[in-house]
Structures are given as structure tokens and as C-alpha cells.
1. List pairs: first residue in segment B:248-261 and within 12 Å of chain A (Cβ to nearest Cβ), second residue surrounded by 13 or more Cβ atoms within 10 Å (Cβ to Cβ) anywhere in the structure, Cβ distance under 6 angstrom, at least six positions apart or on different chains.
2. Show me the strands (runs of 3 or more DSSP E) entirely contained within segment A:32-142 in which 1 or more residues are under 14 Å from the mean Cα position of the chain (by Cα) and in contact (Cβ under 8 Å) with a residue 24 or more places away in the chain.
3. For A:ALA18, are the conditions met, namely being closer than 28 Å to B:ARG292 by Cα, in a helix (DSSP H, G or I), touching a Ser or Thr at 6+ places or on another chain (Cβ under 7 Å) and not charged (D, E, K, R)?
4. Go over the candidates B:ASP272, B:ASP334, B:ASP307, B:ASP320 one by one and state the one that is closer than 24 Å to B:VAL388 by Cα and touching a Lys or Arg at 6+ places or on another chain (Cβ under 9 Å).
5. Please verify whether segment B:114-132 includes one or more residues that are buried (at least 17 other Cβ atoms within 10 Å of the Cβ), of a type in the set (Phe, Trp, Tyr), touching a helix residue (DSSP H, G or I) at 6+ places or on another chain (Cβ under 9 Å) and farther than 18 Å from B:LEU53 by Cα.
6. Condition first: free of Cβ contacts under 8 Å to residues at least 24 places away in the same chain and part of a loop (DSSP other than H, G, I, E, B). Now tell me which residues in segment B:276-317 satisfy that.
7. Whether any residue in segment B:344-353 is within 29 Å of B:ARG297 (Cβ to Cβ) and either among the charged types (D, E, K, R) or crowded, with 19+ Cβ neighbours inside 10 Å (or both) is what I want to check.
Amino acid sequence: MSDPVVLVVDDDPQILRAVERALTARDMVVRTATDGRAAVGEVADDEPDLVVLDLNLPHMDGLTACREIRRSSRVPILVLSVRDAEQDKVAALDLGADDYLSKPFGAAELLARVRALLRRAAPPTGGGRFSLEGLRIDIDARSVRRGSQTVHLTPTEWRLLEALAATPGVLRTHASLLESVWGVDAPDVEALRVFVSQVRRKIEPDPRQPRVIGTDPGVGYRWLIEPA
Amino acid sequence: MSRVERATAMPSSFLRPHASTWELRIAYVVAILGSLAIAAALLPFREGLSHTLVAFLFLVPVVAASWLGGAVPGIAAAVVSSAAFNVGFLPPYGTFSFERTEYLVAFLAFLTMSVVISWLVGVARDRAIAAEDREAEVRLLFDLSHVLVTERAEGVTAVLARVAERLGFVMASVRDSAEEGSEMAFPLRVGDVLVGTLVFVGDHPPLSAAETRVLRTFADEVALVLQQERLEHDLRDAELYRRTDSMRQTLLATASHELKSPVAAITASVTDLLARDELDPTVVRDVLEDVRTSTGRLEQLIVNLLDLSRIESGALVARDEVVDLDDLLGPAIDGVRERWPDVEISVELADDAARVRGDAVLIERVLTNLLENAARAVRASANRGIRVHGTRAEGDVTISVVDHGPGLQFGDQRVVFTPFYRLEERSTPLGAGLGLAISKGFVTAMGGEIWATDTPGGGATFGFRLQGAS
């Protein structure tokens, strides 16, 4: 497989260079743009594998750019923002962004998000097998084991687990999880919270410090462990 | 108006009371002396005159007295005239007796008729007077309201002074405390709210009922006006607070964005290096240079934010000294040339414009800010020339920085000096939008003025004016 192409859009030259340097060093091909209009053009012309998009851009702000890109492309979008107000994140996710990262961020965090999104975009490889300490999860075999014991999940709990494990490392918004698990007759976010905590009690080594299902407060959840 | 003017002519009382004592006295004099005078005048001709004519002539003082003083003097005139008619003109002369029954009838008819006439005339007169009084009252009220409404812009105090003068008072004023004891004090109430007390000061006879009514109504109007002024004041305060608050929010949001960006760049670069197994010296150097740039930005931003807070808190004190602009322009231009080598800067400073009064440090910062602003504007333009020129007019020196960049958008002239405002085309991470706001603060602190205009033929001109020195 050829190296993935990542379009990085930021009007701040130092951040642009830092992200470019970090991704290039990890065998990615980086293209850059410094405003929203250029970013939309780049996506149309070059079809990158991932877009890292700053929300605060001249000419066309990041949210608008996000919407414009989504009109014609399903490329994963990772939004960068110094605004850590939840509504900005939610607005970006509603407009089609796949994940977000608040500035300042560390390179490791950036790389983890980028890899997760690239993997999600790539065709699935291998079976959905995960392990963490004594926990063994095999999605294809529909089995969860803790040590020698089998963990029993209700059909709804299983659908939730499946939905999250399908995209390791990637943020799943409340809305997208509700739709995946319940379809059109989705209950409210409170019901989702109840099911997430039930699943955590059954599978997490320590449900108060979750290491399998992480919470993005106010936004959604994400699967934290890498496939085996 | 005439009524009010008349009141000025008679400062003792602004609504003239009718049927005053002297008017009543005249009416009685007319009633008695008038009847007697007519009797005396007709007496020599009584043989040749018909009783009817005599009776008609006797009605003249009756009508006159009742018109002058109302029904009572009229009836007095009727009694005196009837007696004179009987004694002087109905035989037997000189006595109050009736020679013939028809004379008795004539006497009774005259008495009755004259009493009825004086009563009717009196009533008509009272009504006319009442109507006139009411009209005067209403007109006075109209005039006062008119003054209140049309001259309100000058302030309630000025309106009250004018009203007091017109009504013959020394002064009128609104006081906070409710001194309602005096009859010249009127509480200003809107609903249950006491807005103040309207007090008239002056040597004025006790107020008539009509005068009290007028002043009380006027006081109600003043109360409404005051209430409205207070509400408007509150509204302005609220609006000011809202705008200040929203400006603070914007400032905070922008400042946090501007501060976090360089920090984000440093964090990302440094953590990237830390995560690598092997460090390539070229990459390390690259990162260090970026970190230096970012810390430079942070430092500049912090200096600017501190300056801005000194300006806004009023803590900035500008020195007042003679400053040689040539000494300041050199380093300012060198600094800008270093960062934007493509930009061509030319200076035309008139000999008499080279020295100004102000603070050398602040002026240098203003020149640097305006030059950097212009340099950012022209860096992508065909014409990269920036012209600095200084002229002197009367005592003031004006320095202009002229560029031929993209120029100002409509409306920019007013907001361009707002903190964190960035001209779209000049938007760059290196310009946080504080330079112009700080320049304005500095120039204002030195007692000068700063402005932005269009350059003829395209581009923007930023200028400032300071006091010239010899």
C-alpha cells in the first residue's frame, strides 16, 4: 500500500510545519493549505486520504470548509481547534467532521487520531480481536471472555460494543451511536449513557477508570484498545 | 403665549382671578350711582317721556352692574332703579305710592324683569368667566407642556428655569428629598414611584385652586419626563455594559486563541521530537527555529496585551518631551525592512515637522506598528512602496504612512482601531490585531489623534497628529 496522503489546513505556519514534520516522519505524504477555500480545492483536485482541518481560518472558516468538503467527498476529517467550547466541536462533527483535537495537542495524540481515521477509511483487515490484560474480545466469534469466564451481553449491549469496536480510536458521537445501535427509534442520550455504563461494568477491569470505552464529555465515546 | 406673557407682566399671580373685590365694588357703584344718575338726568323731562322709555333706560345700569359684578350687584341695581322709577317717574311723584293700579303693575313688571335680567346676565357672565378661566388654564398648561417638550434637549433644569421665569417665580428645581410641606412643592410621582419633588421658589401670593391645578399637572408631566430620562439613562448604561461585556468576551476569546496557537505549535513540535527514537540534527534545528519563532510571537503578544491593559486601565502615563522624529524613524524602518525585505519605504519629512512633543518610546512603537501594518498590507501587492511623510500645519505635526495595498473596506475606518480587529487581507498569524489599537491608545495618551483613510488611487493611509515642537 502506498503512503497515505494527508492534507493539513492551518493558517498558522508554525503549527502547519509542526504537523507536517510529525506526519512526514511517520511515512505520510503531507500537502498543506492555509485557508478554507484552498482546502476545498485541494480535496477536489487531489483526493487526500485524510484532512486535518483548523477551524479558525481566513477566507472560509473551518466549519464552512468542512461542510463544503462533505458535499463531494467522504474523506475523513480531523478538526483542530483552540476553541475547546463543546458547541464548536459538536458543530464541526454535525457538519461531517469525524474527530477533533483541541490545541495545544501532543504529537502522540495527533498521530493516534490520524492513524485511527486512516485505518477506519482503509478496508477492514483481520478479524475484530482485542485483548487487554485478562479481557479477550472477538467480534466475529461474538465472544467476550474475562480470564476463563464468559461475559454475557444482552443483544443491545452487544450492538453497542460492536459499533464502538468497529472503529478503534475514532470518536463516535452520541447521535451516530444511537443510530447504529437502535436505528430510527433511538432513545435519548441518557439511555445511551446507561448502556455504556452497563457494558463497562461487564468488561472493564476498573469501570471507574475505563480503558476500553473512553468518554469524550458532551460529544460521544470511542474504542480505546488497538486490534490484536 | 399671550397669557403667559401677561403673567410675566404681573408677576404676583399668573392666573388672574376674576370677580375680584375691586371689580365687585365698581359693579355696586355702577348699580347705585348709575341708577341715580339716570334718574337725575331724566327728571327734568319726566312729563314728556313715556314710562316705557324710562323703564328701558333704567335697565342700562341693571345690565351693566350684573355684567360687571354678577347677579347680586345686578339685583341691587334693579332694586335702586325700581325705587327711583317709582319715586321719580310714577305719579304721585316724590312718594313710594301708586296713583293708579296700572302704575303698580308697571312697577312690579319692571322690578321682576330687571331682577330676572340681572340674574340671567349674571349667570351668563359667570359662565363666560369660567370658560375664559378654563381656557387660560388650559392654554397655560399647553404652553408649559410645549416648553417642556420642545426645550427638553437643553435639559430639565433649563426648562424649569424658563417656566419659573414665565410664571413669575425666582426659580424652579427638582429636589430628591420629598419636601411636600410647602404649597409650592409638588411631588413628582409616576405610579407609586416618587421621582423627586418639584419646588417653585419666589415671592408669590398663595396659589389659587386653578394655579395649583396647573402646577400639579405640570409636575406630573415633569415626573414623566424625568422618569423617561432615567429609563433612557439606564438603557444607555445597560447597552454600554452589554457592549463592553461583549467586547471583553471577544477580547478574551481572541487573546486565548492568539496565546494558544504558538503554545500549540511548540507543544506539537517538541512532543514530536520526544516521541522519536532517533534525532536527526537537521530536524532538531528546524524545530528549535520554529520554537524560537513561536516564543517570539508569544513575547510580542504578551507585551502588546500588557500595553493594552495599561491603556485601558488608564495607567499609561506618556512623557511630554521634545522628540526628534528622524531619530525614531530610522530604527523603526530598519526593523520593518529586516522582516519584509521586499518592501520599499521612502520618507519625506518637512524640516519644520521633524520635532514633536510626546513620548519617544511610544512614538517609536506607533511608527513601527503603522509601518508593519502597511508592510503586511503591501507584501502581496504589485506596488510594494510605503511612503512616510510628515507635514506641519499651525502648531501640529501630521505623520502619514501611505500604502497602495488592498485598502480599507467600507466601515473599516471606524473599527480598525478596535483591539483584535484584523483587516481580512492583512490577516496573518504575525498580526494579532493589537498594533493599531495600541497605537491609538499611545497617540491619545500623548494628546494626539490617529485615523485611517483611503489612499487616492487605492490603498490605505494611516495618519496621526501630535503637537509640534520648535
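The values are calculated or read from the model by the stated rules, or taken from the named source; none is laboratory data. Computed from a predicted structure; not experimentally measured. In this analysis, Cβ positions are derived from the backbone assuming ideal geometry, glycine residues included, and neighbour counts consider all displayed protein chains.
1. Going by the 6 Å Cβ cut-off, the qualifying pairs are B:THR254/B:PHE420; B:HIS257/A:VAL82; B:GLU258/B:LEU301; B:GLU258/B:ALA432; B:LYS260/A:VAL82; B:LYS260/A:LYS103; B:SER261/A:ASP12.
2. On the way: elements: A:50-54, A:77-81, A:99-102, A:129-132, A:135-138.
Here the list reads A:50-54, A:77-81, A:99-102.
3. Details: closer than 28 Å to B:ARG292 by Cα: yes; in a helix (DSSP H, G or I): yes; touching a Ser or Thr at 6+ places or on another chain (Cβ under 7 Å): yes; not charged (D, E, K, R): yes.
Answer is yes for this residue.
4. Numbers: B:ASP272 fails: closer than 24 Å to B:VAL388 by Cα; B:ASP334 fails: touching a Lys or Arg at 6+ places or on another chain (Cβ under 9 Å); B:ASP307 fails: closer than 24 Å to B:VAL388 by Cα.
The conditions single out B:ASP320.
5. yes
6. Within segment B:276-317, B:ARG276, B:ASP277, B:GLU278, B:LEU279, B:ASP280, B:GLY314, B:ALA315 qualify.
7. yes
One line per residue, one yes/no per condition, for (1) in a helix (DSSP H, G or I); (2) under 28 Å from the mean Cα position of the chain (by Cα); (3) of a type in the set (Asp, Glu):
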{"residue": "B:LEU198", "(1), (2), (3)": "no, yes, no"}
{"residue": "B:THR217", "(1), (2), (3)": "yes, yes, no"}
{"residue": "B:VAL222", "(1), (2), (3)": "yes, yes, no"}
{"residue": "B:GLN227", "(1), (2), (3)": "yes, yes, no"}
{"residue": "B:HIS233", "(1), (2), (3)": "yes, yes, no"}
{"residue": "B:ARG242", "(1), (2), (3)": "yes, yes, no"}
{"residue": "B:SER246", "(1), (2), (3)": "yes, yes, no"}
{"residue": "B:LEU252", "(1), (2), (3)": "yes, no, no"}
{"residue": "B:LEU259", "(1), (2), (3)": "yes, no, no"}
